[in-house]
Amino acid sequence: MNILTILFHFFIFPGFLFLVIFGMFLTFLDRKISARIQWRVGPPWYQPYLDFLKLLLKEVIVPINSSKFLFLFAPVLSFLSAVISGTMIYYFLLYPQRSFLGDIIVILYFLTLVPVGFILGASSSRNPLSGCGAQREMMLLIGYELPFIFALLISIVKAGGKIKLGEIIMAQNNLSFLYSWSGLISFLTLLFVFQAKLGYVPFDIAEAEQEIMAGTILEYSGVSLALFKLAKAILLLSLPALLIALLWPAKSIFSFIIKFFFIFLLIVLMKNTNPRLRIDQALKFFWFILGPFSILGVILVLSGL
């Protein structure tokens with residue numbers, strides 16, 4: 001693979017431009033569907049793009065006494081981590097034979113860096129409400145990462161111990177992992193974990209606008225805020241695709257789109273039909289309900305179910 005091909009994949013498709021354009025379009029669909037559920041009209045399709053351009057024209061204000069480097073670096077970290085993980089997910093969906101040893105661990109690492117950027121930025125701002133949001137984000141991260149790892153382990157075991165995403169995809173040529181008890185448990189676990197990674201209700205605790213205004217992103221404006229919002233938009237595009245790759249690979253583009261929007265609709269419906277949890281309730285859910293539930297999935301997959 002020459003350098004021009006690498007640059008094309010990273011910056012055009014399935015990389016930067018693809019992730020940004022379609023990620024923002026998904027935020028429109030999210031807002032539109034949410035509006036219709038609430039008997040509202042909702043925004044036009046181009047609203048997310050106008051919002052992004054407006055933020056690019058706004059001044060970036062750095063709070064007094066904040067750590068300027070960390071404050072400005074944090075959104076860049078979240079955005080680049082989202083782009084890299086999203087590019088890898090879609091690239092290996094397109095070319096599963098080109099995956100490399102341990103790529104699933106690399107994807108997990110970069111997905112973890114996205115909320116870490118929010119935590120660093122909020123902590124460096126010195127705003128007490130942002131600090132509260134950072135603490136909540138950190139506790140959520142600690143809460144859902146273990147069920148996330150167990151859910152990934154189910155797919156790895158079912159693929160014969162392979163830790164290449166491409167080999168996990170190709171191992172499902174005959175039958176998807178989803179069509180088993182352990183696969184169904186992994187699917188449900190990932191659905192809740194991804195809801196938390198996106199910061200959607202009932203896990204929008206770190207940015208609870210009615211409680212702590214905007215929490216982790218309270219002090220951000222301009223390009224920095226745009227990068228944080230783009231990171232979440234890219235996750236909205238990437239996480240359903242990762243779930244499909246791990247448990248429900250598609251045979252064609254049309255099949256992928258149908259499966260993708262089914263998962264997307266589940267995420268949006270969960271967002272609009274649940275109240276926000278308190279941080280202690282969220283941790284109890286991840287540690288004492290979803291955790292044992294995902295461990296049950298691992299036991300079942302080791303038993304061949």
(message) Please go through segment 174-215 and give me each residue that is outside any helix (DSSP H, G or I), touching a helix residue (DSSP H, G or I) at 6+ places or on another chain (Cβ under 6 Å) and farther than 25 Å from Met138 by Cβ, ordered by number.
(response) Phe177, Leu178
(message) On the basis of being among the aromatic types (Phe, Trp, Tyr) and touching a residue at least 60 places away in the same chain (Cβ under 8 Å), does Phe110 make the cut?
(response) no
(message) Of all residues being assigned to a helix (DSSP H, G or I) and β-branched (Val, Ile, Thr) in segment 146-173, which is nearest to Leu283 (Cα to Cα)? Just the residue, please.
(response) Ile149
(request) Output the qualifying pairs, or none if there are none: Cβ atoms under 7 angstrom, residues six or more apart or on different chains, first residue in segment 290-305 and under 8 Å from Ser182 (Cβ atoms), second residue buried (at least 18 other Cβ atoms within 10 Å of the Cβ) and among the charged types (D, E, K, R). (result) Val301/Lys158
(message) Within segment 63-73, take every residue that is surrounded by fewer than 16 Cβ atoms within 10 Å (Cβ to Cβ) and within 27 Å of the chain's Cα centre (by Cα) and give me the one that is nearest to Thr216 (Cα to Cα).
(response) Leu70
(message) Suppose we filter Leu230, Leu266 for residues that are more than 20 Å from Val116 (Cβ to Cβ) and out of contact with any strand residue (DSSP E or B) (no Cβ under 9 Å at 6 or more places or on another chain); which single one remains?
(response) Leu266
(message) Here is a list: Val193, Val201, Val157. Which entry is among the hydrophobic types (A, V, I, L, M, F, W, C) and more than 22 Å from the chain's Cα centre (by Cα)?
(response) Val157
(request) Search segment 81-110 for residues being polar (S, T, N, Q) and modelled with pLDDT under 95, and hand back the single one that is nearest to Ala171 (Cα to Cα). (result) Gln97
(message) Can you list the helices (runs of 4 or more DSSP H) lying wholly within segment 1-119 that have 3 or more residues being over 26 Å from Ser155 (Cα atoms), β-branched (Val, Ile, Thr) and out of contact with any Asp or Glu (no Cβ under 8 Å at 6 or more places or on another chain)?
(response) 3-11, 16-37
(request) Please work out which residue is modelled with the highest pLDDT, limiting yourself to segment 23-59 and to residues that are of a type in the set (Val, Ile, Thr) and over 27 Å from Ile12 (Cα atoms). (result) Ile33
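The values are calculated or read from the model by the stated rules, or taken from the named source; none is laboratory data. From a predicted model like this one, the values you see are computed outputs, not experimental measurements. Quick reminder, even Gly has a Cβ in these numbers, built from the backbone with ideal geometry, and neighbours come from all protein chains shown.
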